[in-house]
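Working notes, structure below.
The values are calculated or read from the model by the stated rules, or taken from the named source; none is laboratory data. Owing to the predicted nature of the structure, the values given are computational and were not obtained by experimental measurement. Ideal geometry is used to build each Cβ from the backbone, glycine not excepted, and the neighbour counts take in all protein chains shown. These area figures cover heavy atoms from the full protein model, side chains too; ligands, DNA and RNA do not enter into them. Shrake-Rupley method; radii C 1.70, N 1.55, O 1.52, S 1.80 Å.
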Amino acid sequence: MNIALRAVHDSDLPVFFRQMNDPEALRMAAFTPGDPADRDAFEEHWRKIRASSDVVRTVLGDGDVVGSVAVYGQPGEREVTYWIDRAYWGRGVATAALRDLLAQVRDRPLYARAAADNTASRRVLEKCGFETSARARGFAPARGEEIDEVVLHLAD
């Protein structure tokens, strides 16, 4: 599969909204919006993201929208995030997309967070050079409870 990144288009947002309302994906991600089905909140969130200095890209798989990847936050505290349609899990899409983004965004250090039990996401981050630097607990809206999370970092 050919993976490419491009700027987010308005036409991508309905796809992202559908992807972010997959119950299994929500549970896996854990740290999600309080009400992912709130379309107005989703639209407002994306309006703010697209107006910011964050680096946000649509992930294409063979030309189809399969997710998003981003670097966001203040210099020195910037984090990465990604969301890949569940239909594409296990195919190396997230790893390829994140590697591509890391080649475009040379800021370091970068950080990432993942639910401690989300081994697939942790593996993507590790393949891209991130290392676990801390453990924490936080409220995971998608699970309705506080859970363990890992904090990872990518140095120079």
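Listed values, structure above:
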item: Globularity index of the stretch 32-96, i.e. its alpha-carbon radius of gyration over 2.2 N^0.38 Å; result: 1.22
item: Virtual paramagnetic centre 7 Å along Cα→Cβ of residue 4, amide N under 17 Å, in the stretch 68-89; result: 68-69
item: The stretch 36-156, accessible surface, carbon-and-sulfur percent (1.4 angstrom probe); result: 44
item: Simple label model, 7 Å out from Cα along Cβ direction - residue 39 to residue 51, nm; result: 2.1
item: Rg and Dmax [Cα atoms of the stretch 96-156; Å; Rg one decimal, Dmax integer]; result: 12.4, 36
item: Approximate spin-label separation residue 103-residue 89, in nm, with each point projected 7 Å along Cα-to-Cβ; result: 2.7
item: Sum of side-chain charges, residue 54 neighbourhood, beta-carbon under 12 Å (Lys, Arg +1; Asp, Glu -1); result: +2
item: Relative contact order of the stretch 1-97, defined on C-alpha pairs under 8 angstrom at six or more residues apart (%); result: 33
item: The stretch 2-127: mean projected area of Cα convex hull, nm²; result: 7.4
item: DSSP beta bridges in the chain [antiparallel fraction, %, rounded to 5]; result: 95
